[in-house]
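For reference, the structure discussed in these notes is given below.
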């Protein structure tokens, strides 16, 4: 996300949705308080703000009080205020809390991994998001090779085989593959990566109960993203 843009949008919404005492109204008349901006502008801006909040604080709806009948945008105002503070001080927080380490941005994973996972991820279904990413990568590989007769581990093993391509059985050659010793090693490694990803990440999802925590799911998506990049960058030999 463009954080500078996000901060600007949050500030605009905070100003629109803050609760004020209208001019020339007695401060003693509490019932006259209202949101600062016109309702139609707040509604329009809220659609943008909700998307930003989903990125910055996905659980914001669960951690704040229910909407107020008198001030329907108070909940959004509080969430936007928190998100703005988080964005403005994110670098400081990482430094002061002791881990100024690189962060993995899921939106920058390979599209085959993230596009398949996005909607489930944002609703907190982390295990299912990993499953969806694996399904998407398998489908895109099938499309690339024009094969529907095999899938998953067998598909990748056949695609990365050192055997010459045959009718109905094309091969993939990874980017930079010169058929040298290193290239052959990488080819074997990518085939093993695919086998490991589907055996250790994809297959257990259909049998295990419970939910993955967010960090583990993100790490698993990263593994699938690495595989997707190798396959997407590869050349098809027919």
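The values are calculated or read from the model by the stated rules, or taken from the named source; none is laboratory data. Computed from a prediction, not measured in an experiment: that's the story for all the values here. Cβ atoms come from the backbone with ideal geometry, glycine included; neighbour counts cover every protein chain shown.
Figures for the structure shown
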| read-out | value |
| --- | --- |
| Residue in the range 66-73 that is exposed (fewer than 14 other Cβ atoms within 10 Å of the Cβ) and at pLDDT 90 or above present | no |
| Residue match in the range 96-104 (condition: more than 19 Å from the chain's Cα centre (by Cα), in a helix (DSSP H, G or I), over 27 Å from residue 8 (Cβ atoms) and free of Cβ contacts under 8 Å to residues at least 60 places away in the same chain) | no |
| Verdict on residue 58 being free of Cβ contacts under 8 Å to residues at least 12 places away in the same chain, under 20 Å from residue 222 (Cβ atoms) and surrounded by fewer than 18 Cβ atoms within 10 Å (Cβ to Cβ) | no |
| Within the range 151-170, tally of residues that are under 31 Å from the mean Cα position of the chain (by Cα) and either outside any helix (DSSP H, G or I) or within 12 Å of residue 198 (Cβ to Cβ) (or both) | 8 |
| Candidate set: the range 1-26, residues that are within 21 Å of residue 73 (Cα to Cα) and at pLDDT below 80; chosen: the one nearest to the chain's Cα centre (by Cα) | 22 |
| Enumeration of residues in the range 166-195 that are within 17 Å of residue 110 (Cβ to Cβ) and either free of Cβ contacts under 8 Å to residues at least 40 places away in the same chain or loosely packed, with under 14 Cβ neighbours inside 10 Å (or both) | 175, 193 |
| Odd one out for residue 210 among (1) on the phi < 0 side of the Ramachandran plot; (2) exposed (fewer than 15 other Cβ atoms within 10 Å of the Cβ) | (1) |
| Qualifying positions in the range 126-150 - touching a residue at least 24 places away in the same chain (Cβ under 8 Å) and not in a helix (DSSP H, G or I) | 146 |
| Hits in the range 34-74 - residues which are under 17 Å from residue 19 (Cβ atoms), in contact with a helix residue (DSSP H, G or I) (Cβ under 8 Å, 6 or more places away or on another chain) and in a helix (DSSP H, G or I) | 41, 42, 45, 46, 49, 74 |
| Checking residue 164 against (1) at pLDDT 90 or above; (2) in contact with a helix residue (DSSP H, G or I) (Cβ under 9 Å, 6 or more places away or on another chain); (3) over 17 Å from residue 112 (Cβ atoms), the condition it does not meet | (2) |
